[in-house]
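Input: a single structure, listed below in structure tokens.
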Amino acid sequence: MKKRWISALLALATLLSLACSCAAPARDEEGEIVYLGALLDEEIPLAGLPAISIVLSPSAPGTAVQKNSSAVIDYSNAKDGYVMVKWTGGGSTKLKVLIKGPNCADTYKYDLPSNGEYAVFPLSDGNGSYQVGVYKNISGDQYSPVLSAKVNAQLTDEFAPFIRPNQYVNYSENSEVVSMAQKLIEDAGVEDNLEKVGVIYEWVVKNLSYDTAKAKDAQSGKLNGYLPNVDSVMAAKKGICFDYAALMAAMLRSQGVPVKLVVGYTSKGEYHAWINVWSEDGGWVDGMIYFDGKVWKLMDPTFASSGKQSAGIMKYIGDSNNYKAKYLY
């Protein structure tokens, strides 16, 4: 990508605003039965210098924890934009982690593995007070609160939740996607964030195809609780939009580019996923980063790839009214 593209971006990009609608947090007094209902799983989203990988691996040092015989919430690194939670109660029941942030956002709900290993969850709402709760399924969509913690997060910077691995953007130093991202950036010889985005974006849309069979499984409920495995997606060279966004977010984060994996809706009501990135010159760029020679287009690698970057698809991507963000990971 050329430097003039960056100038064009700064002149033309309009940052999107997220709608803020307060939702009442789930009550979590220990021992009370909670009816989660709509807070359960929603649909799977369908819709120069040598490069150096930057993998900021999460950890649970135990300096700030809430725990009991069934679960542990480690918020020692809340300043770095994440908490770590693990189940220690045994069994194989369904488990949930609910996180309510300070900025009137929707409650974030996650599956928690019952394997006794830590899972990483971002504090996507920035500075402020979070309520983190662990819930155990007792019947249908009824869950019993097991453990809760109030976490006051004063982040080291606004990028903290969006520059590290988490449950949705899951990678490590040994991930194949990290090696691929480093090779692509090194071969291209680029240093600027938006130039890195351009390199990764072009590789993703040219090498991945949309997995229609997987999409059908997701729509039928066969993939409830699905989380992208970015190395598997890259090896298969296909995926649904959740896979595209997670793959690209992992590759860029490993190259030091802050990325928000965004889950929301298209104008047609389809549950979808895309990414926003941060530029040194322009700050957070909420989508307008693909340049077709005249205007910048929304960074949506799924639609660009599945539509072979056709004029119709690029026109749809370029209209920010076609997207409504709900969650940031």
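The values are calculated or read from the model by the stated rules, or taken from the named source; none is laboratory data. These numbers were taken from a predicted model, which means no experiment stands behind them. Cβ sites come from the backbone with ideal geometry, for glycine too, and all protein chains shown count toward neighbours. Ligands, DNA and RNA are excluded from the accessible area calculation, which covers all protein heavy atoms including side chains. Shrake-Rupley method; radii C 1.70, N 1.55, O 1.52, S 1.80 Å.
Sorted on the mean count of surrounding Cβ atoms within 10 Å across their residues, most packed first, peptides 179-188, 75-84, 136-145 read 75-84, 179-188, 136-145.
Starting from the coordinates of the alpha-carbon atoms of the range 130-181, obtain the Kirkwood hydrodynamic radius over all distinct pairs and give the value in Å to one decimal. It would help to have the intermediate numbers written out before the result.
Values: mean 1/r = 0.0691 Å⁻¹.
Averaging 1/r across every pair of different Cα atoms and inverting gives 14.5 Å.
For the range 168-282, carbon and sulfur atoms together expose 42% of the accessible surface, with a 1.4 angstrom probe and every protein chain in place.
With the dipole of the range 169-224 worked out from charges on the C-beta (+1 for Lys and Arg, -1 for Asp and Glu) around the Cα centre, which of GLN182, VAL197, SER209 lies farthest toward the positive end? So the residue furthest toward the plus end is SER209.
Note on the range 164-238: with charges restricted to the Cβ of Lys and Arg (+1) and Asp and Glu (-1), its dipole about the Cα centre is near 520 debye.
Scaled against 2.2 N^0.38 Å for its residue count N, the alpha carbon radius of gyration of the range 141-267 is 1.20.
Between PRO113, GLN142, PRO161, whose Cα lies farthest towards the positive end of the dipole of the range 80-172 when Lys and Arg beta carbons carry +1 and Asp and Glu beta carbons carry -1, centred on the Cα centre? Farthest towards the positive pole: GLN142.
Sort PHE121, PHE159 from largest to smallest accessible area, using a 1.4 Å probe on the heavy atoms of the protein chains. If you can, show how the numbers build up before the last one.
Details: PHE121 0, PHE159 45 Å².
Ranked list, largest accessible area first: PHE159, PHE121.
With a 10 Å radius around each residue's Cβ, average the other Cβ atoms per peptide and rank 206-215, 58-67, highest first.
Values: 206-215: 15.9, 58-67: 14.4.
Order by mean packing, descending: 206-215, 58-67.
Among LYS196/LYS260; LYS86/LYS136; LYS136/LYS324; LYS100/LYS136; LYS94/LYS237, which pairs are too far apart, with a Cα-Cα distance over 19 Å? Before the final figure, lay out the partial values.
On the way: LYS196/LYS260 15 Å; LYS86/LYS136 12 Å; LYS136/LYS324 31 Å; LYS100/LYS136 17 Å; LYS94/LYS237 31 Å.
Over 19 Å apart, Cα to Cα: LYS136/LYS324; LYS94/LYS237.
Note the full-extension length gain between ASN174 and ASP141 as 0.36 nm times their separation in residues minus their Cα-Cα distance, in nm to one decimal. Present the calculation step by step, with values, prior to reporting the outcome.
Values: separation 33, 0.36 × 33 = 11.88 nm, distance 3.73 nm.
Extra length available between ASN174 and ASP141 comes to 8.2 nm.
Can you tell me the accessible area per residue over the range 110-208, all protein chains present, probe 1.4 angstrom, in square angstrom? Walk me through the intermediate numbers first.
On the way: 3910 Å² over 99 residues.
That works out to 40 Å² for each residue.
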